[in-house]
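Just so it is clear, none of the values below were taken in a lab; they were calculated from the coordinates. It should be emphasised that the depicted structure is a prediction, and the values quoted were computed from it without experimental measurement. Neighbour counts are summed over all protein chains in view; Cβ atoms, including those assigned to glycine, are modelled from backbone coordinates with ideal geometry.
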Amino acid sequence: MSDTSSTTACPDAATLRALLDGTLPEAQQGTTQAHVDRCPTCETALRQMTAGGESWIGMAAKLKGSGEEDPKLAAALERL
Ligand SMILES: [Zn+2]
């Protein structure tokens, strides 16, 4: 956060997601890709997105839909 003059700010999750999906406008895609190439933080974020896929979204939807609480899962979430 102290060195914004020489590095561009990290794109938000939605932008990274759009980069993965290929829905990012071409101009933005270039700068975002260039940033990700030299930013370990974003590289990690992207890797987690590709590795985890949509599973966490699916899990959240499942939890919402079931209306049941798994005690084991609740305990696991509490530890996070
Ligand atoms: Zn970054």
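Note on ASP70 and ALA51: their simple-model spin labels are 2.0 nm apart, each label 7 Å out from Cα toward Cβ. Taking a Cβ cut-off of under 12 Å around LEU19, the surrounding Lys, Arg, Asp and Glu residues balance to a net charge of -4, with basic ones at +1 and acidic ones at -1. Here each label is just a point 7 Å from Cα along the line to Cβ, and for CYS10 and THR23 those points are 2.2 nm apart. Sequence-ordered 3J(HN,Hα) estimates for region 15-23 from the Karplus curve with 6.51, -1.76 and 1.60 and θ = phi - 60° stand at 5, 4, 4, 5, 5, 5, 6, x, 9 Hz, glycine and proline given as x.
Taking label points 7 Å from Cα along the Cα-to-Cβ direction, LEU80 and ASP37 give a separation of 3.3 nm. Going from the fewest other Cβ atoms within 10 Å to the most, the residues LEU73, LEU16, LEU46 appear in the order LEU73, LEU46, LEU16. Panel order for ARG79, ARG17, ARG47, by other beta carbons found within 10 Å of each beta carbon, from fewest to most: ARG79, ARG47, ARG17.
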